[in-house]
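First the structure, in the form of structure tokens, and then the observations on it.
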Amino acid sequence: MNTRFRDTSEQDRPLTRQPLLARRWPLLAGGAVVIAVVVLLGGGRLRQALSADSAVSAARLTIATVEVGPLTRDVAGEGRVVAAQSPTLFAPGAGTATLTVQAGDPVKRGQVLARVDSPELTNRLAQERSNVDALRADLARAEVEARQQTAALQSAYENARIDQQTAANDLARQTQAFEAGATARMQVERAQDALAKARLALEQARDLRGLKTDSLKLDVKAKESALARQQLLVADLERQVTELQVRSPVDGQVGQLFIADRTNVARDARLLSVIDLSALEVQMQVAESFARELQPGMPGEITGNGQRWAGQVSSVSPEVVNGEVAARLRFAGTQPEQLRQNQRLSVRVLLDKRDKVLGVARGSFVDEGGGSFAYVVRGGVAEKVAVKLGARSLERVEVISGLVVGDRVVISGADNFKGAERVLIAD
């Protein structure tokens, strides 16, 4: 046997088996230290995480800070240039319309643009004029008759007055004769009766003269009223016949022709339009929600052709079409040159401007839940808070209550929270 190689008997040593807990004690000690550090340094964060209903990545959210700043409320949109005055002319009566201009022709105020030949209206005017002549003759006849009857009544009254005077003189003579014994008492009594009858006749003649005179005056007045009424009717018909010549109400140019020349039209049929290009405005469509706040006189801004002009709201239509209202702006200063009908321009109307307003950037949270709540980020957790919002612009929204300066609000992406009360914001 070779003695140069020895076995491993001298190297093997029996080992004492240690308990399992003793072998893992260093690992347990290290874990306890780590847990202690986490509890000491981030215990609040851990508790918030454990109390949150869910977690959402911060990359999916838009967060803004509540602060005090200016709030400008305006409404913007696209407008088109329109004529401030663009009247449409209608047929004043039924007949044959003859045009004297073509589309695009320049016209002056009062210039005849079309004529309507209406035989019916012309004939009616001639008939009513004839009635005026007849009523004028009736009035003259009534005046002559009134003068005749007035003269006859005056004559009757004068005769009655003379009869009374005669009866009075006769009574005086009879009385003297009776006193002298030259006549009988019966003659005196007859004279007294005659005087009484004469007085009664005089009173009746005077009353009849007054009543008949008043009646004659009423008859003449009625004739005068009938004549005046007929003259007014004739004047109105003359106006209608004059209006058969359709004249331009403004200086400008002919816009659109709605009929062909020598066309038989009905009353109030559209004939043509006239455009006054000396006064232009910009018309824009505004959402109905903003239209309630628009008022004539509000300042605006008109932009186009690389230029900017000050404007002012001139009118707001009361009619809502497809959820929109038409509003017009006039140029505040001198009207720009080289503007064309229906040219597109950008329009902005200032509704309200305040310098110091507590607010936050506008986002989808304004429309969620009717703007009654918002999520405020505190310590990495978004908490649902009841808020009350006020005025709103395109960029900012006013905060009335529920938030203070410095609060960080989730203005977009809050739909990921699913209405939870507390949500952990994960980095």
Evaluated at 10 °C with a viscosity of 1.306 mPa s, what Stokes-Einstein diffusion coefficient in µm²/s does the stretch 119-242 have when Rh comes from the Kirkwood expression over alpha-carbon pairs?
-> 85
Assigning unit charges at the beta carbon (Lys, Arg +1; Asp, Glu -1) and nothing else, what dipole magnitude in debye, to the nearest 20, does the stretch 106-198 show about its Cα centre?
-> 560
What is the dipole size for the stretch 235-300, taken about its Cα centre, with +1 at each Lys and Arg Cβ and -1 at each Asp and Glu Cβ, in debye to the nearest 20?
-> 200
Just the ratio, please: alpha-carbon radius of gyration of the stretch 51-167 over 2.2 N^0.38 Å, N its number of residues.
-> 3.13
About its Cα centre, how strong a charge dipole does the chain have in debye, to the nearest 20, once Lys and Arg get +1 and Asp and Glu get -1 at the Cβ?
-> 1720
Where labels lie 7 Å past Cα in the beta-carbon direction, separation of E78 and R308 in nm | 2.2
222 nm [θ] for the chain, helices only, -39500 (n - 2.57) per DSSP H run of 4+, per residue, to 500?
-> -13500 deg cm²/dmol
For the stretch 338-427, state the average projected area of the convex hull of the C-alpha atoms over all orientations, rounded to one decimal in nm².
-> 9.2
Stretch gain in nm, segment A172-S315, where the contour uses 0.36 nm per residue and the Cα spacing is subtracted = 42.1 nm
Would you mind computing, in nm to one decimal, how far apart the modelled labels at L211 and Q231 are, each placed 7 Å from Cα along Cα→Cβ?
-> 3.3
Nearest 10 degrees, 0 to 90: what angle lies between the long axis of helix 185-243 and the longest principal axis of the chain (Cα atoms)?
-> 40
Go ahead and run the numbers for FRET between I162 and D133, Cβ-Cβ distance against an R0 of 45 Å, rounding to 0.05.
-> 0.55
Starting from the Cα-Cα distance between A55 and R344, subtract it from 0.36 nm times their residue separation and give me the gain in nm to one decimal.
-> 99.2 nm
Any idea what angle helix 119-180 forms with the longest principal axis of the chain, computed on alpha-carbon atoms, 0 to 90 degrees, nearest 10?
-> 50
Can you find, among V107, A94, I411, the residue farthest towards the positive end of the dipole of the chain? Put +1 on the C-beta of Lys and Arg, -1 on that of Asp and Glu.
-> I411
The stretch 291-366-the stretch 139-162 distance, computed between alpha-carbon centres (Å) | 79
Mind checking which aspartates and glutamates have their C-alpha under 18 Å from K353, skipping anything on the same chain fewer than 8 residues away?
-> E67, D74, E293, E301, E395, E398
From the residues V282, A196, A134, which one has its Cα farthest along the dipole of the chain in the positive direction, the dipole being from +1 and -1 charges on Cβ of Lys/Arg and Asp/Glu about the Cα centre?
-> V282
Quick note on E78, E398, ordering by fewest other C-beta atoms within 10 Å, gives E78, E398
Convex hull volume of the Cα atoms in the chain, per residue, in Å³?
-> 452
Potential lengthening between R199 and R185 on full extension [0.36 nm per residue; Cα-Cα distance subtracted] | 2.9 nm
Provide T96, T334 in ascending order of the number of other Cβ atoms located within 10 Å of each residue's Cβ, fewest first.
-> T334, T96
Among M298, M186, what is the fewest-to-most ranking by other Cβ atoms within 10 Å?
-> M186, M298
Counting DSSP beta bridges in the chain, what percent are antiparallel, to the nearest 5?
-> 95
List the aspartates and glutamates whose alpha-carbon lies under 15 Å from that of K217, not counting same-chain residues fewer than 8 positions away?
-> D138, E143, E145
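Any read-out appearing in this document is the output of simple, stated calculations on the displayed coordinates, not a laboratory observation. This structure is a prediction, so every number in the text was calculated from the model and none was measured. Cβ sites come from the backbone with ideal geometry, for glycine too, and all protein chains shown count toward neighbours.
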